[in-house]
Amino acid sequence: MRLKQLIKALEGHQALSSRDDFMVRGVSCNSKKVSHNFIFVAIEGARQDGNKFIAEAIEKGARAVVIHSSVRCPPSEKALFIKVKDPRKALAQLAAEFYGRPSRKLKIAGITGTNGKTTISYLIEAILKGAGMKPGVIGTVNYRFKGRVIRAGNTTPGPIELHSILAQMLNQGIDYVVMEVSSHALSQERTGGIGFHSAVFTNLTQDHLDYHLNLENYFQAKAELFKGLGSRSFAVLNNDDAYARRLKRLTPARIITYGIENKSDVSAKQVRLNLSHTEFILTSPKGETSLRVKLIGRHNLYNILAAISWGLKEGLALSVIKAALEKFKRIPGRLERINVKGSRIIFVDYAHTEDALFNVLKSLRGVASCGRIITVFGCGGERDKTKRPKMGRVVSELADYAIITSDNPRSEEPGDIIDDILQGVRKNNYCVIPEREEAIRKALALANPGDIVLLAGKGHEDYQVLKDRTIHFNDREVIKECLRSMNY
């Protein structure tokens, strides 16, 4: 596509002379990825200022540079400078245009909220497959479509990668895309240029305050997804969450609600929870039916109801939704039970917020009539420090015994992170073992027949981010290796 055509996607775009026009070979905000006849978009990020890399981008072949309107154009005879009010938004607009605006030909369902996004994405994917559709998924675990799996760098990728993936999905005949949409992505315009067909809101509790500073900013970032929906789109809202009630007033979309406590369009009654599945009677605008789903816990019941609500609002038959959910088996790292011989009950879960830990531990406590709950957990480095003592308090109160260890410490000292966690611990029912593998081994050694061992925080992840490197680390693999070495 030629530059003259491409920049029409920009708000208030400037006219170009014929001599400035050229065939654009790519768009990037990373100077190291720039090549001949690229557009470089200079973005001022939290850690690096793209304006400092303009010269490098031009040297590598950028013939057009998009900069903020307040930035002074550096002298150059090799590149054209294009000024915009919001470079992040411009990057998304350019990416969408460069890849042919694939979202206009796909039905894209966005899922946002603090907890539950990944589970709901898997459930909606299963429902769509059960209905004979061809879904693609963009989420925390991976990006996948038509048997192809791409490792996920972020829950929601940057706009260039995002529109590239959407274009690939469209070319492969995908008709629906189920996308986890993070608050970071919304505030950073990563999803700019996408017209969402529908959106799901799960809940909102404390997380990412290192970035958003307070809950109101966090909510407003999430709300952007729903404000941007059209009147033909629909929103699926958790009626038991106070923030969803605010979203009702903010979105122009058609609404369907789900819940357990408050009267909702889709709800559950006669709920029975145990360690292997959840049973309930579904009430909905399409009637009542019984369901038995292989996910456990009250928080997963909400996720199930959200997926059902989405399917019903999309016009899928209740019988199709029921069949798909009852066949569904598991989600990687989301209260995933590890199959081991003997009487040990071991779960791996991604819970890394106060609310997520509360929900998981409450769920296990509610379905386990057996022994103790032994929890291994830590907190990530370079993330919201204020949630660390709160996570410590929740685990010490709801678990019988806690082993506090490392998660992804990143550039922080593991001992400093653990000290923050200990500020919230009020009981003497814990020990500290900074090395995660040793902590897991200790938990397994402590467990008696009938006890539950919960490894929280890393879930599906198969790595650990340290100060100077990233190493392979998979909780599930470590569990099995520890059991082998213990001659179990």
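Assigned to a helix (DSSP H, G or I) and over 25 Å from the mean Cα position of the chain (by Cα), is that true of A306?
On the way: assigned to a helix (DSSP H, G or I): yes; over 25 Å from the mean Cα position of the chain (by Cα): no.
For A306, the condition - assigned to a helix (DSSP H, G or I) and over 25 Å from the mean Cα position of the chain (by Cα) - is not met.
Just give me the residues in segment 337-353 being of a type in the set (S, T, N, Q), more than 14 Å from G371 (Cα to Cα) and in contact (Cβ under 8 Å) with a residue 60 or more places away in the chain, in sequence order. Steps first, answer last, please.
Step one: of segment 337-353, the residues of a type in the set (S, T, N, Q) are 339, 343, 353.
Filter once more, keeping what is more than 14 Å from G371 (Cα to Cα): 339, 353.
Across segment 337-353, the qualifying residue is only T353.
Within segment 417-456, how many residues are assigned to a loop (DSSP other than H, G, I, E, B) and open to solvent by less than 50 Å² (accessible area, probe 1.4 Å)? Before the answer, list the steps.
Going through segment 417-456, the residues assigned to a loop (DSSP other than H, G, I, E, B) turn out to be 423-429, 433-435, 447-451.
Filter once more, keeping what is open to solvent by less than 50 Å² (accessible area, probe 1.4 Å): 424-425, 429, 433, 447, 450-451.
Going through segment 417-456 one residue at a time, the tally reaches 7.
Taking the conditions exactly as written (at pLDDT 95 or above, among the aliphatic types (A, V, I, L, M) and open to solvent by 20 Å² or more (accessible area, probe 1.4 Å)), does L225 satisfy them or not? Full working, then the answer.
Details: at pLDDT 95 or above: yes; among the aliphatic types (A, V, I, L, M): yes; open to solvent by 20 Å² or more (accessible area, probe 1.4 Å): no.
The answer is no for L225.
Just to be sure I understand, how many residues within segment 18-43 are farther than 14 Å from G158 by Cβ, assigned to a loop (DSSP other than H, G, I, E, B) and in contact (Cβ under 8 Å) with a residue 24 or more places away in the chain?
Of the residues in that region, 7 qualify.
Is at least one residue of segment 365-372 open to solvent by 40 Å² or more (accessible area, probe 1.4 Å), touching a residue at least 24 places away in the same chain (Cβ under 8 Å) and not in a helix (DSSP H, G or I)?
Let us first name the residues in segment 365-372 that are open to solvent by 40 Å² or more (accessible area, probe 1.4 Å), namely 365-366, 369-370, 372.
Narrowing the set further to residues that are touching a residue at least 24 places away in the same chain (Cβ under 8 Å) leaves 365-366, 370, 372.
Now restrict to residues that are not in a helix (DSSP H, G or I): 370, 372.
Among the residues of segment 365-372, at least one is open to solvent by 40 Å² or more (accessible area, probe 1.4 Å), touching a residue at least 24 places away in the same chain (Cβ under 8 Å) and not in a helix (DSSP H, G or I), which makes the answer yes.
Quick one: is D475 among the charged types (D, E, K, R), open to solvent by less than 80 Å² (accessible area, probe 1.4 Å), more than 24 Å from L275 (Cβ to Cβ) and under 29 Å from the mean Cα position of the chain (by Cα)?
Values: among the charged types (D, E, K, R): yes; open to solvent by less than 80 Å² (accessible area, probe 1.4 Å): yes; more than 24 Å from L275 (Cβ to Cβ): no; under 29 Å from the mean Cα position of the chain (by Cα): yes.
Considered against the rule, which asks whether it is among the charged types (D, E, K, R), open to solvent by less than 80 Å² (accessible area, probe 1.4 Å), more than 24 Å from L275 (Cβ to Cβ) and under 29 Å from the mean Cα position of the chain (by Cα), D475 comes out as no.
Restricting attention to segment 344-359, and to residues there that are of a type outside the set (A, V, I, L, M) and not in a helix (DSSP H, G or I), which single residue is modelled with the lowest pLDDT? Steps first, answer last, please.
Applying the first criterion (of a type outside the set (A, V, I, L, M)) to segment 344-359 yields 344, 347, 349-350, 352-355, 358-359.
When the remaining residues are screened for being not in a helix (DSSP H, G or I), the result is 344, 347, 349-350, 352-353.
Values: R344: 81, F347: 96, D349: 96, Y350: 94, H352: 91, T353: 91.
That would be R344.
If you check K362, K341, K322, which single one turns out to be over 20 Å from the mean Cα position of the chain (by Cα), of a type in the set (D, E, K, R) and part of a loop (DSSP other than H, G, I, E, B)?
Numbers: K362 fails: part of a loop (DSSP other than H, G, I, E, B); K322 fails: part of a loop (DSSP other than H, G, I, E, B).
K341 is the lone residue from the list that is over 20 Å from the mean Cα position of the chain (by Cα), of a type in the set (D, E, K, R) and part of a loop (DSSP other than H, G, I, E, B).
Taking segment 132-161 only, how many residues are over 19 Å from P332 (Cβ atoms), among the hydrophobic types (A, V, I, L, M, F, W, C) and touching a helix residue (DSSP H, G or I) at 6+ places or on another chain (Cβ under 7 Å)?
Of the residues in segment 132-161, 1 are over 19 Å from P332 (Cβ atoms), among the hydrophobic types (A, V, I, L, M, F, W, C) and touching a helix residue (DSSP H, G or I) at 6+ places or on another chain (Cβ under 7 Å).
Restricting to segment 228-249, name every residue that is without any contact (Cβ under 8 Å) to a residue 40 or more places away in the chain, closer than 18 Å to V181 by Cα and surrounded by 14 or more Cβ atoms within 10 Å (Cβ to Cβ).
First pass over segment 228-249, keeping only residues without any contact (Cβ under 8 Å) to a residue 40 or more places away in the chain: 228-233, 235, 237, 239, 242, 245-246, 248-249.
Remaining after also requiring closer than 18 Å to V181 by Cα: 228-230, 233, 235, 237.
Those that are without any contact (Cβ under 8 Å) to a residue 40 or more places away in the chain, closer than 18 Å to V181 by Cα and surrounded by 14 or more Cβ atoms within 10 Å (Cβ to Cβ): G228, L229, S233, A235, L237.
List pairs: first in segment 268-284 and of a type in the set (D, E), second open to solvent by 40 Å² or more (accessible area, probe 1.4 Å), Cβ under 7 Å, 6+ apart or cross-chain?
From segment 268-284, the pairs are E279/R272; E279/R292.
Which condition breaks for G173 when tested against (1) open to solvent by 10 Å² or more (accessible area, probe 1.4 Å); (2) modelled with pLDDT of 95 or more; (3) under 25 Å from A356 (Cβ atoms)?
Answer for G173: the failing condition is (3).
Assuming G192 fulfils every condition listed in (1) touching an Asp or Glu at 6+ places or on another chain (Cβ under 6 Å); (2) in a loop (DSSP other than H, G, I, E, B); (3) in contact (Cβ under 8 Å) with a residue 40 or more places away in the chain apart from one, which condition is it?
(1)
If I go through segment 126-147 residue by residue, how many of them are touching a residue at least 12 places away in the same chain (Cβ under 8 Å), more than 18 Å from G459 (Cβ to Cβ) and not aliphatic (A, V, I, L, M)? So that I can check it myself, show each step before the final result.
If we filter segment 126-147 for residues that are touching a residue at least 12 places away in the same chain (Cβ under 8 Å), which is where we start, we get 126-131, 133-141, 143, 145-146.
Among the residues that remain, those that are also more than 18 Å from G459 (Cβ to Cβ) are: 126-131, 133-136, 145-146.
Next cut, not aliphatic (A, V, I, L, M) only: 129-130, 134-136, 145-146.
Of the residues in segment 126-147, 7 are touching a residue at least 12 places away in the same chain (Cβ under 8 Å), more than 18 Å from G459 (Cβ to Cβ) and not aliphatic (A, V, I, L, M).
Kindly indicate whether H208 is modelled with pLDDT under 95 and touching an Asp or Glu at 6+ places or on another chain (Cβ under 8 Å). Don't jump to the end; show me each part of the working.
Numbers: modelled with pLDDT under 95: yes; touching an Asp or Glu at 6+ places or on another chain (Cβ under 8 Å): yes.
Considered against the rule, which asks whether it is modelled with pLDDT under 95 and touching an Asp or Glu at 6+ places or on another chain (Cβ under 8 Å), H208 comes out as yes.
I need the strands (runs of 3 or more DSSP E) fully contained in segment 62-179, keeping only those with at least 1 residues that are under 30 Å from N238 (Cα atoms). Please lay out each step first, then the result.
Values: elements: 62-68, 80-84, 107-112, 135-138, 142-145, 148-151.
Those strands (runs of 3 or more DSSP E) span 107-112, 135-138, 142-145, 148-151.
So which of E279, E261 ends up being assigned to a strand (DSSP E or B) and either open to solvent by 40 Å² or more (accessible area, probe 1.4 Å) or modelled with pLDDT of 95 or more (or both)?
Details: E261 fails: assigned to a strand (DSSP E or B).
Going through E279, E261 in turn, just one is assigned to a strand (DSSP E or B) and either open to solvent by 40 Å² or more (accessible area, probe 1.4 Å) or modelled with pLDDT of 95 or more (or both): E279.
Which ones in segment 17-51 are charged (D, E, K, R) and modelled with pLDDT under 95? Walk me through it before giving the result.
Going through segment 17-51, the residues charged (D, E, K, R) turn out to be 19-21, 25, 32-33, 44, 47, 49.
Answer for segment 17-51, where residues must be charged (D, E, K, R) and modelled with pLDDT under 95: R19, D20, D21, E44, R47, D49.
The values are calculated or read from the model by the stated rules, or taken from the named source; none is laboratory data. Only a predicted model underlies this, so the values are computations on that prediction, with no experimental measurement involved. Note: ideal-geometry Cβ built from the backbone for every residue, glycine included; neighbour counts use all protein chains shown. Only protein heavy atoms, including side chains, enter the accessible area calculation; ligands, DNA and RNA are left aside. Shrake-Rupley method; radii C 1.70, N 1.55, O 1.52, S 1.80 Å.
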